[in-house]
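Quick note: the coordinates plus some simple rules give every number you see, no bench work behind them. Small disclaimer: the values here were computed from a predicted structure and weren't measured. As a convention, Cβ positions derive from the backbone with ideal geometry for all residues, glycine included, and neighbour counts pool all protein chains shown.
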Amino acid sequence: MLLVHPVHEVLRQLPLLIGSVVLGYSTGNPMWSVGALVLMVGYGVARWFTTTYRLDADQLQRREGVLQRNVLSLPRNRIRSLSTDARLLHRLLGLTVVRVGTGHEAEGDTEFELDAIRSDELAALRAVLLADAPSTASDEVPVADRVLARWQPTWLRYSPLSFTGLAMIAAAVGIVYQTGAVAAFEDSQLARTGLDAAERFGVLASVALGAVVVVVMSVVLSVARSLVTFGNLVLTRRDDGTGAGVLHLEHGLLRVREHTFDVRRLRGGTLREPLLVRKFGGARLDAVMTGVGGAGEASLLLPPCPRATAEAVLTSLTGPDVVTGELRRHGATAARRRWTRALVFPAALALGLAGLSFVVAVPTWAWVSCGAIVVVAALLAADRTRALGHRVDGGWLVARAGSLDRRRDCIAAAGIIGWTVRQTLFQRRAGVATLVAATAAGVKGYRVLDVPAELAWSVAAAASPWVADNEWARVP
Amino acid sequence: MWAVGAAIPWTVLAAAQVVWLSLDARLPVLHVAAAIATAFGVVLFVFVVPFWRYRVHRWEIGAQAVYTRTGWLTQERRIAPISRVQTVDTQRGPLDRLFGLANVTVTTASSAGAVRIIALDADVADRIAAQLTDIASIGELDAT
């Protein structure tokens, strides 16, 4: 434990360290770099001496801070999830970082994080922290562990379909530019030979070659990232026989991350199918849970994986027919709105081109690309129309929408704590409305897009009986 | 209240135009266009939109739920069950105080579910805030 802080401190301050080394060289005085290193290691050690945590009957408390004292305490009955994160160094030393999740969105210093807990103490700590019910219950009833999903190497085939690789390349290029290496490179010998070669091959060929290189690199990078982050993923459900239980997610090859979710806080799940992943029969699964942020990695249950796996897991968490059941369509008006929205921009473009063609000669490629845009927009509209649908059944609200990022939100009706019916001017004229179900979980508001206006309140009433009692909520 | 609230920024805009005219009197066409746009904005936002908003605006606190209807171009109806109310805030801005009004915001555990009732008479606002707080304090569990 004493080792981790100084080493991470040094790694985090690496740019500063390099700076001090450069400074040391340029001034001819190596004491600069030694001094910086000593300061950092000293700070890391001091952090270890000043950080303590304690757990008493109803509070979890952490004190820390070298120069500025910080005490963070949270009531134990507010603890909703527990996640651990072990980087390579932590794992070598048998340590983990424990992150305690409560309802509110905390970032940075206010996040409750216990760094470098011994891994063998972890199971005990998790049992203590997540048991707001009397912890004796788990001793009597045999704990049933059920594996819901296990990572397969075939899941890797979905990872090149995301843009993570491209994003990583862009970030790397950005960093290189920042350091000014490009400026130095531009008038180097290597760049000149490269340019000469490019001229020999012709511009088109070299651009194509560059594109191929970028694509291959992005594929390799995203596959590698996916392998390292999600390799060894295991999702298990642990029931203690009383209906309560936890979902346990563990993943990562080098940096092992574990999340433990309390099933009583689960309010549903979102099946997400980005266009490309969907075309290859894949889907990813997010949990909708109170106290866990809806976006990003925090709520992730399954990374892109075969659709059947994701559906099976979500079905076991929700109920039969919720995930795969037929949805109620939103009708012709909603479809017409999808088409209008998709085609307004291409139509405006085409009109603009037509207007322009009276003044100047419009090249053929402009017309061709305009036509291509129209076709793409039409396909998009058709796909979005096909996606629209909702279903209220057996205590679950299901809403599906979107094409590029299609999502099917399955929300427990008991977790819905408010309804909004929103109509823009155009929606009022078309007689449709957007219904927003407010929950305390996930992304907070789940939208049912373009429901026929006369149906909107009956959908809400079917999901939450208290809406039906309100006379205001009946008027369309 | 809405009319006065809208009038203030438009007055500032009109004043800014006068200043611009006095500093730089070239391009009269541009000035005329800007003046017409401002006049149109004033008519729309000070004389039309407030009445439109007033006609749409409704609220009710029933035995089970809080209900509001707001907006003009985009209209929104929002309903939240009283049993899930978490906090009740009352705010009064300078304009609200001038007219003796108050806004009541009823929040639930969801950031997408807060119900905001604007421009209530101050004593009505105080009364419903007290009433809702009473109900919320006897609510069960943690209302998520």
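For A:259, B:57, what's the fewest-to-most ordering of other Cβ within 10 Å of each Cβ?
On the way: A:259 25, B:57 17.
With the fewest neighbours first, A:259, B:57 line up as B:57, A:259.
Between the listed residues B:25, B:65, B:112, the Cα displaced farthest toward the positive end of the dipole of chain B, a dipole computed from Cβ unit charges relative to the Cα centre, is found at B:25. When the alpha carbon gyration tensor of segment A:331-386 is reduced to an equivalent ellipsoid, its three semi-axes come out at 27, 12, 5 angstrom, largest first.
Mind checking which helices in chain B clear 18 Å along their axis (Cα) and have mean Kyte-Doolittle hydropathy of 1.0 or more, DSSP H runs only?
Values: long enough: B:2-23 (32 Å, 1.54); B:28-42 (21 Å, 1.79); B:122-137 (22 Å, 0.37).
Within chain B the helices that satisfy the rule are B:2-23, B:28-42.
Between the beta carbons of residue A:345 and residue B:16, assuming R0 = 56 Å, the FRET efficiency works out to 0.95 to the nearest 0.05.
Normalised by the number of residues in chain B, the mean separation of alpha-carbon contacts (under 8 Å, six or more apart) gives a relative contact order of 18 percent.
Between the amide H of residue A:112 and those of A:100, distances stay under 5 Å, these residues lying 5 or more places away or on another chain, with hydrogens modeled in the peptide plane.
Please report, in debye to the nearest 20, how large the charge dipole of segment A:257-377 is about its Cα centre when each Lys and Arg carries +1 at its beta carbon and each Asp and Glu carries -1 there. Display every interim value, and only then the final one.
On the way: 15 positive and 8 negative charges, 69 e Å.
Dipole magnitude for segment A:257-377 comes out near 320 debye.
Take the alpha carbon atoms of chain B, find their radius of gyration, then divide it by 2.2 N^0.38 Å using N residues; give the quotient.
Working: Rg = 20.5 Å, N = 144, 2.2 N^0.38 = 14.5 Å.
Its radius of gyration relative to the 2.2 N^0.38 Å reference: 1.41.
What is the fewest-to-most order of A:96, A:364, A:270, A:50 by other Cβ atoms lying within 10 Å of their Cβ? Provide the component values of the computation, followed by the final result.
Values: A:96 25, A:364 8, A:270 22, A:50 14.
Sorted ascending by nearby Cβ count, the order is A:364, A:50, A:270, A:96.
How well do other chains shield peptide A:458-469, expressed as the mean number of their Cβ atoms within 10 Å of each residue Cβ?
2
Only counting other Cβ atoms within 10 Å, I'd like A:383, B:121 sorted with the fewest neighbours first. Spell out each step's value before the answer.
Values: A:383 17, B:121 12.
So the residues, fewest neighbours to most, are B:121, A:383.
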